[in-house]
Amino acid sequence: MATARAPAPPKPKPAEESDGPPAKRAPIFYGSLEEKERERLAKGESGLLGKEGMKAAMEAGNINISSGEVFDLEDHMSERQAEVLAEFERRKRARQINVSTDDSEVKACLRALGEPITLFGEGPAERRERLRNILSVVGTDALKKTRKDDDRSKKSKEEYQQTWYHEGPRSLKTARLWLANYSLPRAAKRLEEARLLKEIPEATRTSQRQELHKSLRSLNNFCSQIGDDRPLSYCHFSPNSKLLATACWSGLCKLWSVPDCNLVHTLRGHSTNVGAVVFHPKATVSLDKKDVSLASCAADGSVKLWNLESDEPVADIEGHSMRVARVMWHPSGRFLGTTCYDHSWRLWDLEAQEEILHQEGHSKGVYDIAFHTDGSLAGTGGLDAFGRVWDLRTGRCIMFLEGHLKEIYGINFSPNGYHVATGSGDNTCKVWDLRQRKCIYTIPAHQNLVTGVRFEREPVLVTNHGNFLLTGAYDNTAKIWTHPGWSPLKTLAGHEGKVMGLDISLDGQLIATCSYDRTFKLWTAE
């Protein structure tokens, strides 16, 4: 039996397909309910949470109802606008700034402003743009200011490096006048001898020089003598070339007869290493044996004067608080120069028996001193690797010897009056010309530090005018060099220890060397 099915309900049409207008949704307002909640709370109504719940929520910080504070959006916008305007102004200033197209100058400007001169991957164009941007911020006056500061610092540095002078005693003025009157006639005499030498034919001078070089090449060890139980530090010939004085680390100074090397005197007075012992320029020639004939110095700062009769010092020169490295007589015999590790050297007037000059100028200890043959100049070599030539008549430093890499241990003037030799810890000997005020030759002299340099002493004959240079070093040798020319003539080898001191006799016949091996040796031509 057939059953009738009820008709299926019609499917609802989608909204898009519905014929009627869409239903309006209630608008949603986004904003604060603060005002309504305030009114509700003021009326005492419970509101959504209730009065107690609202209070608890406010205390817990879950609901924040302000006390009338507002955020001024206009002020914030004006600050932002000011920043943008400032950036526009900066870019405008940057376009108006002229920057050099020279890259080295751009780098110099960046360095002056304290900025890195280059960045990774930066080219010249980018570097110019960076400088322009920096100048647009700090202003172009900043660059001028830094340049002024640099100039000011350079000036102050130059002023600091300048030699300064202070007022000396009246006795110094008297001594300077005396030195001028002493040196000027000697200079005139030296120049006259140079003129006479120039009148000798060149062939004659050359043959004489060749004869001298031939005799120097034939130099041999003539005598070797043990000088003491400790190393010998210095040796010096007497003006008559018949005595040799040696200084020792034991504190003793000894006088030896020449050429037989017999001990004549032992001078006892120092208690520590003796640095040098030197004869008075007129000792053994015109001075009496009772007169002061020698001077010596030691590492404890003591300086002592001796005669040829007594074994004890005649006088002590006091005033040094540090080690005195070298002592040297002025050619006149009236003055004595001493070098000290307190960065200064001093000049003593033995007639007035006082210190007349305490000269500073080196930045480290002063090691060696030498006087010009005229008596007008003094040369000092320091542990600061610099040498200085001083005019004793004015007190000025007339030449600065700059070029050595290490300490200067020896300095000496040539009898010709215009050459100066310096020996240094850099193993070289430099020759300086006072006329040109520069180094004219560097002799790569030795394989270890050079301890001393000596020109041939002031000659008796005009034709023999300082024709060779003697150097000694820690490589256990002494060497002879031609002057001028500076070529090697002879190596004096024989010491088993480093050569500490050397000297040439005034008559030019003998050369003496003393060594760390406690011996001294005499060398003469065959």
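The values are calculated or read from the model by the stated rules, or taken from the named source; none is laboratory data. Please read all numbers here as calculations on a predicted model, not as lab measurements. All Cβ positions, even for glycine, are placed from backbone atoms using ideal geometry, and neighbour counts span all protein chains on display. Protein only, heavy atoms only, side chains kept; ligands, DNA and RNA dropped before computing areas. Shrake-Rupley method; radii C 1.70, N 1.55, O 1.52, S 1.80 Å.
Probe radius 1.4 Å, ligands and nucleic acids left out: which of VAL324, VAL137 has the largest accessible area, and how do the rest follow? Mind dumping the intermediate values first?
Working: VAL324 0, VAL137 105 Å².
Most to least solvent-accessible, the answer reads VAL137, VAL324.
Could you rank LYS490, LYS430, LYS173, LYS438 by how accessible they are, 1.4 Å probe, largest area first?
LYS173, LYS438, LYS490, LYS430
Through the Karplus equation 6.51 cos²θ - 1.76 cosθ + 1.60, θ set to phi - 60°, convert the phi angles of the stretch 386-392 into ³J(HN,Hα) values in whole Hz; use x for Gly and Pro.
The phi angles translate into 10, x, 9, 10, 10, 8, 5 Hz.
Largest first and in whole Å, what are the equivalent-ellipsoid semi-axes of the stretch 144-302 based on the Cα gyration tensor, each being the root of 5 times an eigenvalue?
Ellipsoid semi-axes (Å, largest first): 41, 30, 22.
Would you mind getting me the FRET efficiency between ALA493 and LYS364? Use the beta-carbon distance for r and R0 = 41 Å, nearest 0.05. Walk me through the intermediate numbers first.
On the way: r = 32 Å, r/R0 = 0.78.
Here the calculated transfer efficiency is 0.80.
Quick check for me: using +1 on Lys/Arg Cβ and -1 on Asp/Glu Cβ, what's the dipole size of the stretch 419-511 about its Cα centre, in debye to the nearest 20?
On the way: 9 positive and 8 negative charges, 63 e Å.
So the magnitude is around 300 debye.
Which value in Å is the Kirkwood Rh of the stretch 370-454 over different Cα pairs? Walk me through the intermediate numbers first.
Details: mean 1/r = 0.0799 Å⁻¹.
Taking every pair of different Cα atoms in the stretch 370-454, averaging 1/r and inverting gives 12.5 Å.
What distance in nm lies between label points placed 7 Å from Cα along the C-beta direction at CYS439 and SER321?
That separation, rounded to one decimal, is 3.4 nm.
Using the beta-carbon distance between ASP260 and ASP311 and R0 = 22 Å, what value does 1/(1 + (r/R0)^6) give for FRET efficiency, to the nearest 0.05? Intermediate results must be reported in sequence, preceding the final value.
Numbers: r = 21 Å, r/R0 = 0.94.
The pair ASP260/ASP311 has a calculated efficiency of 0.60.
Using a 1.4 Å probe and ignoring any ligands, DNA or RNA, find the accessible area of MET58 and quote it in Å² to the nearest 10.
Roughly 80 Å² of MET58 is accessible to a 1.4 Å probe.
Put +1 on the Cβ of every Lys and Arg and -1 on every Asp and Glu Cβ in the stretch 74-223; which of ILE117, SER136, GLN208 then has its Cα farthest towards the positive end of the dipole?
Selected residue: GLN208.
What residues have an amide H closer than 5 Å to that of LEU449, excluding those fewer than 5 places away on the same chain, when H is modeled at 1.01 Å from N in the peptide plane?
Distant-sequence amide H within range of LEU449: TYR474.
What is the calculated FRET efficiency for LYS289 to ALA142, with r their C-beta to C-beta distance and R₀ = 56 Å, to the nearest 0.05?
It comes out at approximately 0.15.
Given the whole protein assembly as supplied and a 1.4 Å probe, what does the accessible area of SER224 come to in Å², nearest 10?
Spelled out: SER224, probe radius 1.4 Å, area about 60 Å².
Could you give the accessible area per residue of the stretch 124-248, probe 1.4 Å, as a whole number in Å²? Intermediate values should be presented prior to the final figure.
Details: 8370 Å² over 125 residues.
Spelled out: the 1.4 Å probe surface of the stretch 124-248, per residue, equals 67 Å².
Pulled fully out, how much extra length does the chain show between ALA187 and ALA56, if you take 0.36 nm times their separation in residues and subtract their Cα-Cα distance? Intermediate values should be presented prior to the final figure.
On the way: separation 131, 0.36 × 131 = 47.16 nm, distance 11.31 nm.
Full extension from ALA187 to ALA56 adds 35.9 nm.
How do LYS107, LYS148, LYS282, LYS521 stack up against each other in accessible area, from largest to smallest, with a 1.4 angstrom probe?
LYS148, LYS282, LYS107, LYS521
Go through the stretch 185-201 residue by residue and turn each phi into a ³J(HN,Hα) via Karplus (6.51, -1.76, 1.60, θ = phi - 60°); whole Hz please, and just put x for glycine and proline.
Coupling constants for the stretch 185-201: x, 5, 5, 4, 5, 5, 5, 5, 5, 5, 5, 5, 5, 5, 6, 5, x Hz.
Just to be sure I understand: if I project the alpha-carbon convex hull of the stretch 327-472 onto a plane and average over all orientations, what area do I get in nm²?
Across all orientations, the stretch 327-472 yields a mean hull projection of 8.5 nm².
Through the Karplus equation 6.51 cos²θ - 1.76 cosθ + 1.60, θ set to phi - 60°, convert the phi angles of the stretch 120-127 into ³J(HN,Hα) values in whole Hz; use x for Gly and Pro.
Per-residue couplings from phi come out as 4, x, 8, x, x, 5, 5, 5 Hz.
Where the centre of each part is set by its Cα atoms, how far does the stretch 80-139 sit from the stretch 238-303, in angstrom?
Centre-to-centre distance over Cα atoms comes out at 73 Å.
Which of the GluC sites (Glu not before Pro) across the stretch 163-255 are loop residues per DSSP, with 15 or fewer other Cβ within 10 Å?
GLU167
Amide H neighbours of TYR367 under 5 Å, at least 5 residues apart or on other chains, H built in the peptide plane: list them.
For TYR367, whose amide H was placed from the backbone, the distant partners under 5 Å are GLY381, GLY382, LEU383.
Work out how far the C-alpha atoms of the stretch 164-247 reach from end to end along every principal axis, then list the three figures in whole Å, largest first.
That works out to 52, 52, 29 Å along the principal axes.
Give me the dipole magnitude in Debye, nearest 20, for the stretch 276-397 about the Cα centre, with unit charges on the beta carbon: positive for Lys and Arg, negative for Asp and Glu. Spell out each step's value before the answer.
On the way: 12 positive and 18 negative charges, 84 e Å.
Here the size comes out at about 400 debye.
With all distinct Cα pairs included, what does the Kirkwood hydrodynamic radius of the stretch 253-396 come out to in Å, to one decimal, could you say?
Evaluated on the stretch 253-396, it is 15.6 Å.
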